[in-house]
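Undergrad: Attaching a single structure in C-alpha cells format; questions to follow.
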Amino acid sequence: MPEIRCRFEDKELFIKLDDDALVDIDYVIGLIKKYQEYHKPVYISDHQRAGSRKYPDALNGVRYGNGKFYMFNRKLVQCLDLDIKYRGSRNEDSVFGGMVSNGCGENNVEYVQEDDRWIWHKEYTNKNKHIDLSFIKNH
C-alpha cells in the first residue's frame, strides 16, 4: 500500500480482482462515474465480518470485502493503517479490512455493496457460453 500512496498519486480509484474472477466493464465504468471525487473514503465489495475463536483479538469483527472484487478510492488509501498488527492466520482481504477499520474508522467509510450480477467468480455462464475461470485447478 505505501507504493500506491506514492507511485500512483494521480490515480483516484483502485480495483483488486481475483485471478479467477471477471467483472463487467460497464459496471466498473458506472462505479467510476458515481464515486469519482467522492467526499469520503469508499470501499466497494461484498462485505462480511471476520471472526476467530482461536484468536478473538485478531481482527475479530472487522468488516472486510470478499476478495473476488473490491474497489476503493484514494481517500481510503490515504487513511489506511499501514502498521496494523494482528495474530493468527488471516487472508489479505481481512487484513485489508483491518487496515481500513483501524486507520479510517468504520463510521467514516462509505461501504458499498457490490452488485454480483456483474461479477463472476470461478465460472462465467451467459447465453450459450460457459467458461471455467479457474482453468488451472489450484483454487
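Undergrad: Any residue in segment 104-125 that is more than 20 Å from ARG74 (Cβ to Cβ) sitting within a Cβ distance under 6 Å of a residue that is at pLDDT below 95 and polar (S, T, N, Q)? List the pairs, counting only those 6 or more apart or interchain.
TA: Pairs found: LYS122/SER134.
Undergrad: Got a sec? Which of TYR86, TYR70, TYR64 is hydroxyl-bearing (Ser, Thr, Tyr), farther than 26 Å from ASP116 by Cα and either open to solvent by less than 30 Å² (accessible area, probe 1.4 Å) or out of contact with any Lys or Arg (no Cβ under 7 Å at 6 or more places or on another chain) (or both)?
TA: Numbers: TYR70 fails: farther than 26 Å from ASP116 by Cα; TYR64 fails: farther than 26 Å from ASP116 by Cα.
After ruling out the rest, the residue left standing is TYR86.
Undergrad: What number of residues within segment 107-139 satisfy the criterion of being modelled with pLDDT of 70 or more, of a type in the set (D, E, K, R) and out of contact with any strand residue (DSSP E or B) (no Cβ under 6 Å at 6 or more places or on another chain)?
TA: The qualifying residues number 3.
Undergrad: So, one more: What is the residue count in segment 78-103 for residues that are touching a residue at least 40 places away in the same chain (Cβ under 8 Å), out of contact with any Pro (no Cβ under 8 Å at 6 or more places or on another chain), over 21 Å from TYR38 (Cα atoms) and among the aliphatic types (A, V, I, L, M)?
TA: The number of residues fulfilling the criteria is 0.
Undergrad: Now for a separate question. Go through segment 37-73 residue by residue and tally those that are modelled with pLDDT of 95 or more and farther than 14 Å from TYR111 by Cβ.
TA: Of the residues in that region, 1 qualify.
Undergrad: Within segment 23-37, work out how many residues are under 17 Å from GLY67 (Cα atoms) and over 14 Å from the mean Cα position of the chain (by Cα). Even if it seems obvious, please write down each step before you answer.
TA: Let us first name the residues in segment 23-37 that are under 17 Å from GLY67 (Cα atoms), namely 23-24, 28.
Then drop every residue that is not over 14 Å from the mean Cα position of the chain (by Cα), which leaves 24.
Residues flagged as under 17 Å from GLY67 (Cα atoms) and over 14 Å from the mean Cα position of the chain (by Cα) within segment 23-37 amount to 1.
The values are calculated or read from the model by the stated rules, or taken from the named source; none is laboratory data. The shown structure was predicted, so the numbers you read here are calculated from the model rather than taken from an experiment. Cβ atoms come from the backbone with ideal geometry, glycine included; neighbour counts cover every protein chain shown. Quick note on the areas: whole protein, heavy atoms, side chains included, nothing else; ligands and nucleic acids left out. Shrake-Rupley method; radii C 1.70, N 1.55, O 1.52, S 1.80 Å.
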